Each structure stands twice: as C-alpha cells, then as structure tokens.
Amino acid sequence: MKIGIGLPVDDPDVLREWAVRADAGPFSTLGLLDRLVWHNPEPLVTLAALAGATSRIRLQTEVLLAPLRGTALLAKQVATLDRLSRGRFTLGLGVGGRADDHAAAGVDLRERGRRLDEQLVRMRELWDGGTPIGPALASPGGPELLFGAFRPAALARVARFGDGLLCAAPPSWAGDLFRAVERDWAERSRPGRPRLVAQVNVALGPDEVADTARTAMGAYYGFTGTADRMLAGLLTTPDQVRDAVRAYADLGADEVVLYCWATDATQVDRMADLVS
C-alpha cells in the first residue's frame, strides 16, 4: 500500500517546505486540490514549482477541473509539467460542481461533463504528436490519468479514457465505487486492472490544530451544504488514520492520499512517523 500526502490550500508559502519534507520521507505522492474562485494556488503552476524542489515523489492534481480551462493550452501545460517532472506527474481530473467557478470561467455548468469528454479526446490527439503543440512528453501517450468520480457516468470515464479512480468517499461506500470501475474496465476488455486511489482528510496534533483544520475544511466545502458530514470524517488521531488505511487496503486500494487541512509543515513529520 502506497501512502501519499495532500498539500494544504490555505497558505502557498509553506508548500515548498512541505514538498521537500515529503520527498525525503516515505510518501509516494504529493496531491493538490483545484478551485478557481478561492484563495488556493493554481495546481499546475504550483506543482511545476514543486517538481523543481523534489526528485523522487510523484505530483498529482486531486482533481484538476478541466472544463474550466481551454483544451489546447491545458494539453500543453500538462505536457510541460510531465516533461519537467521527468514523468512524475499524475493528472487527476474532474468536472467540479461549483457554480461560481464555472461562472468565472464563462463555462456552462450544465455542459461540464460533455465538455470534459471532448477535451479528453482532443488532449490525447495533441499528446500523440500529430500537431506542433508541445513539448514532447516524458510519459509516452500522456501522463497517468485518474478521475475523481461518484456517479455512474463519471465512473465510466475511468475505463473509457483513463488509468484509475481517485476516490474521496469513506470506506463504507468506497467499495461500491471501486467495484463499479472494475466492472466497467472488464466490460471494455481493458488489460490489467484500474488503479484505485483513496483520499482521506487528516489533521494530526493538538486540539487547536484539528480546530483550525475544521474551520478551513468547512469553509472550502461550505458550498455543498453537507460540510458537517465531511467534517465528521476528518481523521485527527493516528489510530483513525491507521484504521482508514487498513479499510481501504481491504477494499483493494493501491494508494491512500492523506489530505491535510492544517498548514504547519510538522504535519508532514507526524504523518511520516505514522507511515513508517
């Protein structure tokens, strides 16, 4: 079981230190969320900077909201990051559901799924080298492609276009999502198996650390109307994290990303001790 670490979104100034510590530790992946109408750093720009500060750890968007972006430029940015990271980049994609993000980007929220499907076809064409848009990728055919998904149509994109699932659901219903993706994979006669990556929210340390993390997480997910339910899933003790990792492993997950909502870089050390 691989263990990744998710970077906090509230303080861009700490991210280089987080990345350097994580790269020196036992973690497999650095993940970063995406939103447009918020104070988070833009993930492709940020991960490009962190690629230069690291040498081993993979870099992953969790998830990049592709419909908010122009397709040709997005393909070029992804190819550039894949090249600069020497193939360490995993592109996690999703459609998003925030009306303010789509309004700011001038994209119809109702068309986001169709738009993503069209983008995926076009980006593959661009990455195949049939156009002068470059640079050439470090990863032949494009970087590893994961999808964040909950509904059947979104889950089906994994087998149609991608390599695996990014699952932000708790273990109690993640298994159903994993099995749905595996069925789609088999029905399309894809070789091998899809990669299954889970994501859990964590904040380790004193009570004040957990309280600050809950405030940040509640603000970020307030648009859903179900932030209280998500806050209830925040893991704040080593035993809770261990139990969640074991549960995902039992469901067949290949990796669990511990997504942090506290900004102090000592979070990296606490989680490294836990993972070790």
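The values are calculated or read from the model by the stated rules, or taken from the named source; none is laboratory data. Because the structure is predicted, anything quoted here is derived from the model rather than measured. Here Cβ is always computed from backbone atoms with ideal geometry, including for glycine, and neighbour counts include all displayed protein chains. Note: areas computed on protein heavy atoms with side chains; ligands, DNA, RNA excluded. Shrake-Rupley method; radii C 1.70, N 1.55, O 1.52, S 1.80 Å.
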Whole-number D in µm² s⁻¹ for the stretch 191-276, Kirkwood Cα-pair radius fed into Stokes-Einstein, 4 °C, 1.567 mPa s: 94
Report ³J(HN,Hα) in whole Hz for each residue of the stretch 105-122, in order, from the Karplus equation J = 6.51 cos²θ - 1.76 cosθ + 1.60 where θ = phi - 60°; Gly and Pro get x. 7, x, 10, 6, 4, 6, 9, 5, x, 4, 5, 4, 4, 5, 5, 4, 5, 5
In nm², the average projected area of the convex hull spanned by the Cα atoms of the stretch 145-240 is 7.2
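Give the relative contact order (percent, whole number) for the stretch 33-177; include only Cα pairs under 8 Å separated by 6+ residues.
On the way: 217 pairs, mean separation 34.0, N = 145.
Computed value for the stretch 33-177: 23 percent relative contact order.
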Could you list the square roots of 5 times each eigenvalue of the Cα gyration tensor of the stretch 110-157, that is, the equivalent ellipsoid semi-axes, sorted largest first and rounded to whole Å? 24, 13, 7
Given points 7 Å out from each Cα along the Cα-Cβ axis, report the residue 86 to residue 56 separation in nanometres with one decimal. 1.3
Under 8 Å for C-alpha pairs, at least 6 residues apart: give me the relative contact order for the chain, rounded to a whole percent. 21
For q = 0.11, 0.12, 0.15 Å⁻¹, Debye-computed log10 I/I(0) when each Cα of the chain counts as one equal scatterer: -0.59, -0.72, -1.18
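In square angstrom, what is the accessible area per residue of the chain with a 1.4 angstrom probe? Could the numbers behind the result be given before it?
Details: 12080 Å² over 276 residues.
Counting only protein heavy atoms, the per-residue value for the chain is 44 Å².
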If R0 = 30 Å, then residue 190 and residue 138, at their Cβ-Cβ distance, give a FRET efficiency to the nearest 0.05 of 0.80
Degrees between helix 207-220 axis and first principal axis of the chain (Cα, 0 to 90, nearest 10): 30
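Using a 1.4 angstrom probe on heavy atoms only, work out the carbon and sulfur share of the accessible area of the stretch 118-276 in %.
Working: 3900 of 7500 Å².
Exposed carbon and sulfur together represent 52 percent of the surface.
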Most fluctuating residue given options 63, 209, 158, as computed from a GNM of the chain linking Cα atoms under 10 Å: 209
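What is the Cα radius of gyration of the stretch 1-156 over 2.2 N^0.38 Å, N being its residue count? Intermediate values should be presented prior to the final figure.
Working: Rg = 15.3 Å, N = 156, 2.2 N^0.38 = 15.0 Å.
Relative to the rule-of-thumb radius for its length, the stretch 1-156 sits at 1.02.
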Once phi for every residue in the stretch 22-34 is put through the Karplus expression 6.51 cos²θ - 1.76 cosθ + 1.60 (θ = phi - 60°), the whole-Hz ³J(HN,Hα) values, with Gly and Pro written as x, are 5, 5, 7, x, x, 7, 8, 8, 10, x, 8, 6, 9
With point charges of +1 on the Cβ of Lys and Arg and -1 on the Cβ of Asp and Glu, referenced to the Cα centre of the chain, which listed residue (77, 249, 271) lies farthest in the positive direction of the dipole? 77
So, in nm, how far is label residue 224 from label residue 150 when the simple model puts each one 7 Å beyond its Cα toward the Cβ? 0.6
Rounded to whole angstroms and listed largest first, the alpha-carbon spread of the stretch 54-114 along its three principal axes comes to 39, 20, 19
For the stretch 1-93, with equal point scatterers placed on the C-alpha atoms only and solvent neglected, what are the log10 I(q)/I(0) values from the Debye formula at q = 0.20, 0.22, 0.23 1/Å, to two decimals? -0.93, -1.12, -1.21
